[in-house]
Structure formats: structure tokens, C-alpha cells
1. Are any of the residues in region 169-190 modelled with pLDDT of 95 or more, within 16 Å of the ligand (Cβ to nearest atom) and of a type in the set (Val, Ile, Thr)?
2. Which of the numbered conditions does Arg190 fail, given that it passes all the others? Conditions: (1) buried (at least 16 other Cβ atoms within 10 Å of the Cβ); (2) charged (D, E, K, R); (3) without any contact (Cβ under 8 Å) to a residue 40 or more places away in the chain.
3. What is the one condition in (1) surrounded by 16 or more Cβ atoms within 10 Å (Cβ to Cβ); (2) free of Cβ contacts under 8 Å to residues at least 24 places away in the same chain; (3) hydroxyl-bearing (Ser, Thr, Tyr) that Tyr125 does not satisfy?
4. So Leu157 fits all but one of (1) more than 16 Å from the ligand (Cβ to nearest atom); (2) not in a loop (DSSP other than H, G, I, E, B); what number is the exception?
5. Give the residue, chosen from Leu149, Leu184, Leu179, that is under 23 Å from Asn53 (Cβ atoms) and assigned to a loop (DSSP other than H, G, I, E, B).
6. Hey, can you tell me all the residues within region 193-203 that are within 18 Å of Gly50 (Cα to Cα), touching a residue at least 60 places away in the same chain (Cβ under 8 Å) and not aliphatic (A, V, I, L, M)?
7. Filter region 108-128 down to the residues that are in contact with a strand residue (DSSP E or B) (Cβ under 9 Å, 6 or more places away or on another chain) and under 25 Å from Arg68 (Cα atoms) and list them by number.
8. Consider region 74-106. How many of its residues are more than 17 Å from Phe145 (Cβ to Cβ) and either within 12 Å of the ligand (Cβ to nearest atom) or of a type outside the set (Asp, Glu) (or both)?
Amino acid sequence: MSGSQAHTHAHDLDEPALRARALESLLLEKGLLASDTVERIVRVYEHHVGPMNGARLVARSWVDRAFRARLLADGSAAAQEMGVLGLGTDRLVAVENAPRVHNLVVCTLCSCYPWSILGLPPTWYKDPAYRSRAVLEPRTVLAEFGTILDESVEVRLWDSSAEVRYLVVPERPAGTAELDGEALAALVTRDAMIGVTRLAAAA
Ligand code: FE
């Protein structure tokens with residue numbers, strides 16, 4: 001082997017992690033970042049921000065027709081109404097699935113994502129393979145997530161950007177008529193709100 005020990009160690013972390021670490025040290029060194037800030041942000045994302053926020057929007061849209069109309073007309077206003085407006089949702093567009101329409105969200109350029117309602121994006125969402133293949137062969141990508149769509153179902157692809165981010169409103173699963181808002185929200189998954197999966201009927 002010709003690589004030095006230091007070279008080997010640098011490769012233990014992937015490039016984004018190394019860059020993040022370098023940026024963090026630099027910001028701390030220059031006094032632009034307090035040492036506990038990063039930890040605090042990570043804690044907020046672990047405990048208070050995540051797909052449960054998006055799930056509340058979706059579940060309410062299933063039971064409250066007027067709210068659904070507001071959500072589809074202006075996602076950010078609806079997020080604000082529910083107290084979950086924040087990072088990545090100042091221009092939130094909600095798109096609804098229907099029996100003949102399936103919506104799928106991607107960010108072809110990088111990994112734009114509605115953080116305040118879905119939390120941190122999954123690794124595959126940031127993967128160049130997903131970002132290109134979702135455009136080129138969305139049905140194949142969906143099938144790999146276990147979502148087999150009939151040819152008669154139209155797939156609508158939404159490309160996120162720094163300005164506009166998307167929330168897929170999945171169809172309400174069958175067999176959920178008796179459930180209250182909280183129980184309905186518990187059925188809504190992150191992947192369904194990105195559009196790679198659909199929600200299964202309640203058991
Ligand atoms: Fe992006």
C-alpha cells in the first residue's frame with residue numbers, strides 16, 4: 001500500500017462529514033458559533049422537529065375539509081396555523097395523491113427538503129442516484145420502494161429548490177373511519193410524505 005496513515009484516516013469520514021467538521025471548527029475559532037449551538041440544533045431535530053409535524057398536517061387534512069383546502073392553497077400558511085412553519089417551509093406546496101395521481105418529490109440539484117415538517121432528509125434522498133433516477137425512471141424507483149403503480153396512475157414529479165419545497169398528502173387509508181386525529185397522524189410516514197410509498201390500509 002502506498003497511502004500514508006494520515007491519508008487512510010481522512011477516508012474514515014466521508015467528504016461531507018469532513019467538510020462539516022472543518023466548517024464547524026472554523027466557525028468556533030472565529031467566534032461565529034457558540035460551542036453548544038450545534039448540539040442544541042441537533043437536539044431540536046432529534047426531539048421536536050420531524051415527520052410527526054408533517055403527519056399532523058396530513059391527518060388534519062383528512063378530517064377537516066376546510067383545512068385541506070387551505071393546505072392545498074397555501075402550504076406555508078397551513079403550516080403556520082399548525083405551528084410547524086420553520087426551516088424549509090417558507091414556501092411549502094402541498095400536493096395531493098388521488099386514485100389516479102401519485103406525487104413524488106425530489107431535489108435534482110442537491111437535497112432541498114421541508115425540514116420543519118419532515119426533519120432531516122434520509123440519506124437516499126441526497127443520493128445522486130435517487131436524484132437522477134427519480135426523473136428518468138420514476139416508476140422503477142417507486143417499485144424499488146415497494147410502490148407498484150398501475151399504468152393508469154399518473155406520476156407527477158416535483159423538483160424542490162431552495163425556494164419551493166413540497167409535501168405529498170397521501171390518500172387516507174381504508175379502514176380508518178373510527179380513528180381520531182392523533183391515531184391518524186401515527187399512520188402517516190415520512191416516506192409517504194416524500195411520495196416514495198403509499199400508506200397501507202389499516203389492519
Ligand atoms: Fe436542493
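The values are calculated or read from the model by the stated rules, or taken from the named source; none is laboratory data. These figures come from a predicted structure and were not determined experimentally. Every residue, glycine as well, gets a Cβ built from its backbone with ideal geometry; the counts of neighbours run over all protein chains shown. Calculation scope for accessible area: heavy atoms of the full protein, side chains included, ligands and nucleic acids excluded. Shrake-Rupley method; radii C 1.70, N 1.55, O 1.52, S 1.80 Å.
1. No - not one qualifying residue is present in region 169-190.
2. (3)
3. All conditions are met except number (2).
4. All conditions pass for Leu157, except number (1).
5. Among Leu149, Leu184, Leu179, only Leu179 is under 23 Å from Asn53 (Cβ atoms) and assigned to a loop (DSSP other than H, G, I, E, B).
6. Gly195, the sole residue that qualifies.
7. Passing the criteria: Cys112, Tyr113, Pro114, Trp115, Ser116, Ile117, Leu118.
8. 23
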